[in-house]
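The next block holds one structure in the form of structure tokens; read it before the comments.
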Amino acid sequence: MPDTVTVMTGASSGIGAALARQLGSKEHGLVLAARREKELRLVANQTGTHAVCVVTDVTHRRDLERLRDQALDRYGRVDVWVNNAGRGITRPVMELTDQEFDDIVNVVLKSVFYGMQTIIPHFQERGQGHLINVSSFLGRVPLVPYRSIYSASKSAVNSLTASLRMDLNASYPRVHVSVVMPGIVDTNFHNVAGPSLPVRAGGSLGPTKVESADEVAAKIVSLIEHPVAELYTSPSQAELVQRYYNDVRQFEESLARRTSSN
Ligand SMILES: NC(=O)c1ccc[n+]([C@@H]2O[C@H](COP(=O)([O-])OP(=O)(O)OC[C@H]3O[C@@H](n4cnc5c(N)ncnc54)[C@H](OP(=O)(O)O)[C@@H]3O)[C@@H](O)[C@H]2O)c1
């Protein structure tokens, strides 16, 4: 029986796939979820473990419950649950359709809500466990306007995560609840979301380090080993947050100035 049993969504590519490979090398018992079975099995084969694959659409609560149940059938417990699946869209607020709005809310936000309600009772029963929600830096600082509803949904993920953590803190001190906020990561996310628009006012981050999926995954591995409430994966992010909340208007104007001088 492995020391740590980890369930993760969005394991068929990008950050999730990298995390599965890294946790596999640390001999976690792995239960991997995504919609594309072939890609999921390819990743499972790269983990060096007997990872369980469960075809899952995170927009369906019943799929997440089935994922939990298959993990419990195989291992009898879950130690770490990572809500990682998600996708973006390139659409300014005024161009969003109702359908696009609902689709992103469902896959980014409601999926996390379903995941939390699915696994937390098991953690409460055991008195321990670690829930990790993969959000985005854009959920903290909405500085890319064409990611509009994606940023808004990730903000809500951050908020729900904090609410849950505070709810559990007193009675379940060994149940950890974390949010991870990557910046720009070199994955298929950007192809799925659609092209980045030409730089617009407020849309430029200036020189920004693009992280690899492996770099982000390594930080999530450390988070599992040393739980904290919030993790920015890129060092410069915390400083940007300070500037943003210090004076939002001034921050937006400085981005616009940088954009027009590019
Ligand atoms: N890349 C970035 O710049 C960046 C930055 C900040 C945050 N993030 C966040 O990081 C997480 C992982 O993204 P990534 O960059 O690794 O992108 P990715 O390579 O496109 O991976 C997205 C994963 O989510 C899964 N997924 C999407 N919709 C799903 C659904 N309805 N049900 C089940 N699984 C679904 C995909 O699997 P299937 O298609 O097989 O279902 C895939 O495994 C996301 O939450 C994303 O918002 C990414």
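What does the charge count around Lys110 come to, taking other residues whose C-beta lies under 15 Å from its C-beta (Lys +1, Arg +1, Asp -1, Glu -1)?
-2
Please get the size of the charge dipole for the chain, origin at its Cα centre, with Cβ charges of +1 on Lys and Arg and -1 on Asp and Glu, quoted in debye to the nearest 20.
Charge dipole of the chain: 120 debye, to the nearest 20.
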Quiz item: What is the Cα coordinate range of the range 80-126 on the first, second and third principal axes, sorted by size from largest, in whole angstrom?
Solution: 46, 15, 11
Quiz item: Using alpha-carbon positions, what is the distance between the centroids of the range 120-192 and the range 225-262, in Å?
Solution: 18
Quiz item: Build a GNM of the chain with springs between Cα atoms under 10 Å: which of Thr56, Thr161, Thr187 gets the top mean-square fluctuation?
Solution: Thr187
Quiz item: Mind checking which of Glu215, Glu125, Glu65 has the largest fluctuation in a GNM of the chain, springs on alpha carbons under 10 Å?
Solution: Glu125
Quiz item: Comparing Asn106, Asn45, Asn84, which has the greatest mean-square fluctuation in the GNM of the chain with Cα pairs linked when under 10 Å apart?
Solution: Asn45
Practice problem: When a/c is below 1.5 the answer is rounded, else prolate if a/b is larger than b/c, else oblate, so apply that to the range 11-83 with a ≥ b ≥ c taken from the square roots of the Cα gyration tensor eigenvalues. | Solution: oblate
Quiz item: How big is the C-alpha Rg of the chain next to the rule-of-thumb value 2.2 N^0.38 Å, as a ratio?
Solution: 1.00
Quiz item: Could you name the lysines in cross-link range of Lys219, using Cα to Cα under 20 Å and dropping any fewer than eight places away on the same chain?
Solution: Lys26, Lys154, Lys209
Quiz item: For the range 118-262, what Kirkwood radius comes out of the mean inverse Cα-Cα distance, in Å?
Solution: 16.6
Practice problem: Estimate the FRET efficiency between His190 and Glu65 by the formula 1/(1 + (r/R0)^6), using the beta-carbon distance for r and 35 Å for R0, to the nearest 0.05. | Solution: 0.65
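Every number here is computed from the coordinates shown, using simple stated rules; none is lab data. Keep in mind that what you see is a predicted model, and the values were worked out from it rather than measured. Note that each Cβ is placed from the backbone with ideal geometry, even for glycine, and that neighbours are counted across all protein chains shown.
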